[in-house]
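The values are calculated or read from the model by the stated rules, or taken from the named source; none is laboratory data. What you see is a predicted model; the values in this text were computed from it and never measured. Cβ placement follows ideal geometry from the backbone for every residue including glycine, while neighbour counts extend to all protein chains displayed.
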Amino acid sequence: MTIIKRRHFLGGSAMIGAGLLAGGLPRLANAQSAEITVTAFGGVWEEAVRTCFVAPFEAKTKAKANVSLGGPPQWLAQVEANQAKPPVDVLIMTPDLALTAAKAGLVEDFAVDKIPNLSKIPTELTDSVMGKGTLFDYGVGGITFHKERVTNPPKSFAEFVDRVSKGEFVASVPSISYAVTPIMLIWAMARALGGGVDNVDPFFEAMAKMKDNLVFWGGPNDFFNHLSSGEADVGIYFDGRTWNHYDSGAAWIDFINPEEGGSLNGVAVQKPKNANPLAWDYINEVLDAQNQTKFADIMNYGVTNTDVVYSDKLKPRITPWQNTAFPPYEQIALVRNEWVDRWNREIGR
């Protein structure tokens, strides 16, 4: 997730990826010729969206859902530029951009009379984006390790910092070039070590202590390569990606949600103002328990409908959102640039 202030995306061409889509109930009697445009990230995200949300929406409404691939800043800029007739009918957003859209008046209020399945989503997750959307999927940024080389892994951020500082193992952490680093690493570790949005000194002090035993990853595959090659033994990474590697044959990999709570990295769904009313039907499908269960099985990430029952394979992998650290996205947005500048001065990688 990249924290981008409103003036950035309103000005033009930011690009990022990270999110999901939405579902609904039949509302138009003659919807056979109706079409909407929904959004998705590429790769396995697109596959999951088409299977879990688009297919049931089209089956129920007899309408068509076209899938637009891209990233939240791109979609939000398009909606802002075409408010009277938005080019997409359903947005998937990082929470910071969902808040930006809400504050700018670009998206509509969510209500149970429009989206019956919204009643099954914890109100905290809807309130987190001002009621103008809700979170339907999330990952956790925690400690991933090579369990054949790290038989007694650190259970907390504090223990992680202490043992890496002592040279017990080499750790791989996200570089500042990775979009989510300010949340999953800077804020999460600062908070765990006694700081927070207003005080990230504990984080930078910890990085100074660990610097001789750190390597940095710029993309998720870099992290996996660090662990598989032996360049690193442990690091800060996402739960879902960890389990995707495991299911692909890397049975040596494992994940721990730190005792202080890893950062919750959610994905929000929203409806632009003046979008096709069929968007509500699609969003309802995104929030449907059965559809979310299928989505979780494909993506290895947590979902938010309280009626979801995870499979025996998935249940031990999913961290309940209540056991995560919920980032204060609005406050982070205000200081993110300062953090990046300080990182470049003090860490430089």
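Of all the numbered requirements in (1) assigned to a helix (DSSP H, G or I); (2) out of contact with any Pro (no Cβ under 7 Å at 6 or more places or on another chain), GLN78 misses one, and that requirement is (2).
A quick yes/no check of all residues on (1) in a loop (DSSP other than H, G, I, E, B); (2) without any contact (Cβ under 8 Å) to a residue 12 or more places away in the chain; (3) within 24 Å of THR100 (Cα to Cα):
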site: LEU125; (1), (2), (3): no, no, yes
site: LYS132; (1), (2), (3): yes, no, yes
site: PHE145; (1), (2), (3): no, no, no
site: ILE176; (1), (2), (3): yes, no, yes
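The single residue among VAL173, VAL129 that is over 30 Å from LEU287 (Cα atoms) and surrounded by 15 or more Cβ atoms within 10 Å (Cβ to Cβ) turns out to be VAL173. Close contacts from segment 187-198, counting a first residue that is free of Cβ contacts under 8 Å to residues at least 60 places away in the same chain and assigned to a helix (DSSP H, G or I) and a second that is of a type in the set (Asp, Glu) and surrounded by fewer than 20 Cβ atoms within 10 Å (Cβ to Cβ), with Cβ to Cβ under 8 Å and a gap of 6+ residues or different chains, come to ALA190/ASP201. Taking the numbered list (1) on the phi > 0 side of the Ramachandran plot; (2) in contact with a helix residue (DSSP H, G or I) (Cβ under 9 Å, 6 or more places away or on another chain) in turn, ASN274 passes all entries but (2). The residue of segment 291-347 that is modelled with the lowest pLDDT, among those that are part of a helix (DSSP H, G or I), among the β-branched types (Val, Ile, Thr) and crowded, with 18+ Cβ neighbours inside 10 Å, is ILE332. No other residue among TYR282, TYR301 is over 23 Å from LYS155 (Cβ atoms), hydroxyl-bearing (Ser, Thr, Tyr) and assigned by TED's automatic domain parsing to the domain that holds ALA101 apart from TYR282.
Cβ-Cβ distances below 9 Å connect the following pairs, each with a first residue in segment 63-79 that is free of Cβ contacts under 8 Å to residues at least 40 places away in the same chain, a second residue that is among the small types (Gly, Ala, Ser) and in a helix (DSSP H, G or I), and a separation of six or more residues or different chains: LYS64/SER33. Residues that are among the β-branched types (Val, Ile, Thr), crowded, with 24+ Cβ neighbours inside 10 Å and under 27 Å from PRO320 (Cβ atoms): does segment 147-169 have at least one? No: segment 147-169 contains no residue that is among the β-branched types (Val, Ile, Thr), crowded, with 24+ Cβ neighbours inside 10 Å and under 27 Å from PRO320 (Cβ atoms).
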